[in-house]
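In what follows, a single structure is set out as structure tokens and then discussed.
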Amino acid sequence: MYPEYLRYLVTLTAVLDPFLAIPFFVAVTAGQGVAAQRRLADVVTLTVFVVLAGSVFLGEGVLRLMGASLEAFQVGGGLVLLLMALAMLNAKAGEMRQTHAEAEELRTGEVSGVVPLAVPLLAGPGAIGTSIIAGEAGGMTHKLALVGCILLVCAILWAILRMAHAVGDRISTTGLNIATRLLGLLLAAIAIATMAEGLKRLFPGLAS
């Protein structure tokens with residue numbers, strides 16, 4: 001079971017990509033005091049945690065309501081992850097995370113920063129889909145273990161957002177892009193594996 005949680009931990013870290021959020025966070029908090037920056041980092045991290053933990057526990061009900069099977073959701077979720085990974089390989093957020101309209105709202109200060117920073121830039125379709133798929137694999141103990149993984153990833157996210165201005169000053173845009181591309185490459189491999197697993201369950205003949 002431990003490899004499964006490690007895989008979820010790695011996948012969630014790659015999907016959230018805290019390094020990609022740094023320039024957006026710096027742009028939103030430019031001109032604000034340290035206290036305001038830290039407060040926004042706290043709220044964004046808490047929002048991400050609540051959304052993803054809720055996805056783990058409510059995912060089964062959502063799938064039933066949609067009338068979708070877990071196997072079909074794996075294929076669809078894997079496709080979403082692959083599209084996100086391709087954008088990350090180009091060092092871009094991609095419209096799967098943030099549309100042009102949302103980016104413009106963020107640039108002009110028309111939104112608070114929690115939206116679209118927390119949702120959908122960080123806790124977007126990819127992270128939510130990954131959490132739903134992972135949560136379907138076991139009972140309450142399994143789900144609590146996943147929440148523990150989410151908590152760990154959110155702790156990393158919180159630390160990075162708290163240091164976003166310092167990191168942004170010391171690491172060049174090229175350095176941040178390299179980190180994003182590496183996570184994108186890892187996410188692409190995970191996305192293809194997720195799609196392959198779903199396809200094998202939908203079409204057992206493919207496994208032979």
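What follows is calculated from the coordinates using simple rules that are stated; it is not laboratory data. Just so you know, these numbers come straight off a predicted model, no measurement behind them. Note that we place each Cβ from the backbone using ideal geometry, even for glycine, and neighbour counts take in every protein chain shown.
Might you report the magnitude of the Cβ-based charge dipole of the chain about its Cα centre, with Lys and Arg at +1 and Asp and Glu at -1, to the nearest 20 debye? Can you show the working numbers first?
On the way: 13 positive and 13 negative charges, 67 e Å.
The calculated dipole for the chain is roughly 320 debye.
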Take Thr29, Thr13 and order them by how many other Cβ atoms sit within 10 Å, fewest up front.
Thr13, Thr29
Glu60 versus Ala155, label points 7 Å from Cα toward the beta carbon: distance in nm?
2.8
Taking the chain as a Gaussian network, where each spring joins two C-alpha atoms under 10 Å apart, which residue of Gly33, Gly124, Gly184 fluctuates the most?
Gly33
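Before rounding to the nearest 500, sum -39500 (n - 2.57) across all DSSP H runs of length at least 4 in the chain and divide by the residue total; then give [θ] at 222 nm in deg cm²/dmol.
Details: 9 runs with 160 residues, N = 208.
So the calculated ellipticity at 222 nm is -26000 deg cm²/dmol.
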³J(HN,Hα) across the stretch 167-176 via Karplus (A = 6.51, B = -1.76, C = 1.60, θ = phi - 60°), whole Hz, x for Gly/Pro?
5, x, 6, 9, 10, 5, 4, 4, x, 5
Taking Rg and Dmax of the Cα atoms in Å straight from the coordinates, which label in (1) 18.7, 60; (2) 17.2, 60; (3) 15.7, 49 is the correct one?
(2)
How high is the FRET efficiency from Ala193 to Val26, r the C-beta distance, R0 41 Å, rounded to 0.05?
0.75
